[in-house]
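**Student:** Starting off with a structure, shown below.
We did not get these values from a lab; they are worked out from the coordinates using the rules stated. All values derive from a computational prediction rather than experimental measurement. So basically every Cβ, Gly included, is an ideal-geometry build from the backbone, and we count neighbours across all protein chains shown.
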Amino acid sequence: MARLAGRYLVEVPHDTTTTSVAPGSHLDLERIFGRRAPLTVEIGSGSGDVLASVAPAHPERDFIGFEVYLPSVASSLTSLDRAGADNVRIIVADAAAGLEHLIGPGELDELWTFFADPWHKKRHHKRRIVNPDMARLAASRLRPGGLWRLATDWQDYAWWMLDVLAAEPGLEPVDAGPDGFAPRWQERPLTRYENKGLLAGRAVRDLTWRCVRGQRADSLQTPDGSRR
Ligand SMILES: C[S@@+](CC[C@H](N)C(=O)[O-])C[C@H]1O[C@@H](n2cnc3c(N)ncnc32)[C@H](O)[C@@H]1O
């Protein structure tokens, strides 16, 4: 952390706790990256496995990971350094607050949520990071046409995600099969969490949804007025 924080961590104004973000804050992307390029945000970037794999392959894009768990943040800085990724920054903050207060409407090209904590118990479902508020936020922060890529190895969370995303009028599915899920995103590397799920015999589901803010209402109405 001490060696690499200056290169990869972006300090943001915090609110009442260390992981919340002060309302009214905004990221000066031009100052942070020295340019304006298509921006991807990862929610819960963990040890940075996906960022360290994808970002160096896309020097024309910029990436920000929101992560709250400091040991994972520290690992991700090492991974990014090893990968030689210059176009990535990590923000230690709650991703929902970060998206809301730091990213402007339409500023995102892609949003990623891979292997988010499943919160199995019904009374804990409200803690799930993929929820109606997050879906609304995603639809507002993505540019029209921008993608939200998700993956999970928990079937009940996968169905939950489908329900939540389908209920958000600013999003529509991309490449969805009859079961509603998308093919695996080829660039997504195998992370520790995915591997753990596979070894335990769980199937991994990918979801790809597109922001259609301001475009979707008409296209989704069938002649009898029902939603497709
Ligand atoms: C199961 S891990 C998956 C990590 C990574 N996406 C991967 O696939 O390897 C979920 C991560 O999300 C982080 N996380 C959970 N809630 C968060 C939040 N509200 N904001 C930012 N990160 C969060 C956790 O600390 C954890 O590192």
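**Student:** Springs between alpha-carbon pairs under 10 angstrom, Gaussian network model over the chain: which of Arg213, Arg31, Arg127 fluctuates most?
**Tutor:** Arg31
**Student:** For Lys196 and Val174 in the same chain, what is the full-extension length gain: residue separation times 0.36 nm, less their Cα-Cα distance, in nm?
**Tutor:** Gain on extension, Lys196 to Val174, equals 5.2 nm.
**Student:** Something else: Along its three principal axes, how long is region 63-132 when you only count alpha carbons? Whole Å, largest extent first please.
**Tutor:** 42, 30, 16
**Student:** Right, something else. Considering Cα pairs under 8 angstrom that are at least six residues apart, work out the relative contact order of the chain and quote it in whole percent.
**Tutor:** This gives 18 percent for the chain.
**Student:** Could you tell me the largest-minus-smallest coordinate of the C-alpha atoms of region 5-220 on each of the three principal axes, in descending order and whole angstroms?
**Tutor:** Here the Cα extents, ordered largest to smallest, are 46, 43, 36 Å.
**Student:** Here's a follow-up. Report the gain in length on full extension from Arg184 to Leu4: 0.36 nm times residue separation, minus Cα-Cα distance, nm rounded to one decimal.
**Tutor:** Result for the pair: 61.6 nm of gain on full extension.
**Student:** Ok, one more. Give me the number: length gained by fully extending Ala22 to His125, i.e. 0.36 nm times residue separation minus the C-alpha to C-alpha distance, one decimal in nm.
**Tutor:** On the way: separation 103, 0.36 × 103 = 37.08 nm, distance 2.57 nm.
Here the segment from Ala22 to His125 would lengthen by 34.5 nm.
**Student:** What is the sum of charges around Trp119, taking Lys and Arg as +1, Asp and Glu as -1, for the other residues whose C-beta is under 12 Å from the C-beta of Trp119? Display every interim value, and only then the final one.
**Tutor:** Numbers: positive: Lys121, Lys122, Arg123, Lys126, Arg127, Arg128; negative: Asp117, Asp156.
That works out to +4.
**Student:** What residue among Asp179, Asp15, Asp86 has the largest mean-square fluctuation in a Gaussian network model of the chain, using Cα springs under 10 Å?
**Tutor:** Asp179
**Student:** Any chance you could list the semi-axes, whole Å, largest first, of the equivalent ellipsoid that the Cα gyration tensor gives for region 1-57, using √(5λ)?
**Tutor:** 21, 16, 13
**Student:** Compute the distance in nm between two label points, each set 7 Å from the Cα along the Cα-to-Cβ direction, one at Ile32 and one at Asp86.
**Tutor:** 1.8 nm
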